[in-house]
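K.L.:
After the structure tokens below, expect a handful of questions from me.
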Amino acid sequence: MAHRILVTGASVAGSTLAWWLAHLGNEVTVVERAPEFRDGGQNIDVRGVGREVLRRMGLDERALEQGTGETGTAWVDGDGRVVARFMTDELGGDGPTAEMEILRGDLARLLYEAARDTANFRFGDRVEHIQDEGDAAAVTFASGLTERYDAVVIAEGVGSTTRELTFPGENEPRWMGLTIAYFTIPRVADDDRLWRWYNATGGRSVSLRPDRKGTTRAMISVRQPPAGEQDWDVDRQKAFLRERFVDAGWQARRVLAGMDSTEDFYFDVLRQVRMPRWSKGRVGLMGDAAWCATPLAGIGTTLAITGAFILAQELSRTRDVRAGFAAYERAMRPMVEQGQGVPKIAPKLANPKTRLGIRLLHGALRIASTRFVRRVFGKLFSRPPRAPDLSTYDGPKT
């Protein structure tokens, strides 16, 4: 059931979708507003059913080879002493650090390079208008082109502007009470292969993670109600972080110094995307544009890869793209709703505001890291998702 399909967004979700759509016999165009493919980004992981999709694409081993080399996760105190440690090999890949830890840009490039042989990628353009004409969706681009497609899939980020063209005002975000920034800083001699996590009073945290590029990935976060910080300009966002973290302790000053010269600063106020529907006529949503679960869920990349696979399969099974969108939503909703089920208390527990709260957190982590308890703790990070049964779907056409 070949279709002519437009995908907006050339990151993990969009490129995975493009690969599967093309390999199932569809004509695919991917439009990306950035002028060229974008590398960069922080550590992400792929688990379970997402790994199976990559395996079917022949990319699982290649993704493992490009991993960050992170060997586990450790919580540290203000002097850098380890309070609790969870090693990946001891937890069978089920702990905070998964077996497949990879930089977002590295995984996105792997998927893009695999997809570009069979799908058409158009950089430096974006959708300005979509008109559902019944038998096709007429799309007007910023470049002035107008083209008709059997289906349009919006595979963009949490703040997708294209989503608002067709689903204006429908997103009812769930704010998580956590403001977070990611960026790359220079590596120093004592940076190891652990994800090191430090808690400071005031609901603040600083963490450092390894990569295989000779640098270190930093994350700083503060627990507070949202106040529109995601819409500030970068200079104001950085000034806010300097003010909040200058006295945080541990390696906060080093991280702030690295922030001044970093080239990949990313700042956001965490919120989930809650859409009552993922399609309207010939236009559908997937990935963060449809269901962003936030990094707190620990399943975002797995959802994106799995959702792309299911959507491509369902659209390729029928001439009726509306029926394909509906079948995809039925298959993916349970997994997404489970992934979005992060308790509102989770950011509070992980980011205490008082010294007593930090001591209690460290005490709980210390107990959880003992041999008799750590496997149970690890399972908290890898709850088997209510994923669709991939065995009911076909492989790529040759």
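The values are calculated or read from the model by the stated rules, or taken from the named source; none is laboratory data. Worth saying up front: this structure is predicted, and the values here are computed from it rather than measured. So basically every Cβ, Gly included, is an ideal-geometry build from the backbone, and we count neighbours across all protein chains shown.
K.L.:
I'm checking my understanding of the structure. Among residues of the range 339-370 that are surrounded by 12 or more Cβ atoms within 10 Å (Cβ to Cβ), assigned to a helix (DSSP H, G or I) and of a type in the set (D, E, K, R), which one is modelled with the highest pLDDT?
P.N.:
Arg359
K.L.:
Check off (1) touching a residue at least 60 places away in the same chain (Cβ under 8 Å); (2) under 23 Å from Arg104 (Cβ atoms); (3) surrounded by fewer than 19 Cβ atoms within 10 Å (Cβ to Cβ) for Tyr198 and give me the number that stays unchecked.
P.N.:
(3)
K.L.:
Related question: Only one residue in Pro210, Pro276 is farther than 30 Å from Glu329 by Cβ, under 22 Å from the mean Cα position of the chain (by Cα) and touching a residue at least 24 places away in the same chain (Cβ under 8 Å). Which one?
P.N.:
Answer to the selection: Pro210.
K.L.:
Identify, from the list Val273, Val269, Val246, Val283, the residue that is aliphatic (A, V, I, L, M), touching a helix residue (DSSP H, G or I) at 6+ places or on another chain (Cβ under 6 Å) and surrounded by fewer than 22 Cβ atoms within 10 Å (Cβ to Cβ).
P.N.:
Checking each option against the conditions leaves just Val269.
K.L.:
Which of the residues belonging to the range 208-220 are surrounded by 22 or more Cβ atoms within 10 Å (Cβ to Cβ) and among the small types (Gly, Ala, Ser)?
P.N.:
Within the range 208-220, Ala218 is the sole residue that qualifies.
K.L.:
May I pose another question? How about the range 97-125: which of its residues are in contact with an Asp or Glu (Cβ under 9 Å, 6 or more places away or on another chain) and not charged (D, E, K, R)?
P.N.:
Thr97, Ala98, Met100, Ile102, Leu103, Gly105, Ala108, Ala119, Asn120, Phe121, Phe123, Gly124
K.L.:
Looking at the range 121-146, which of its residues are in contact (Cβ under 8 Å) with a residue 60 or more places away in the chain and surrounded by 14 or more Cβ atoms within 10 Å (Cβ to Cβ)?
P.N.:
Phe121, Arg122, Phe123, Asp125, Arg126, Val127, Ile130, Asp132, Ala136, Ala137, Val139, Phe141, listed by residue number.
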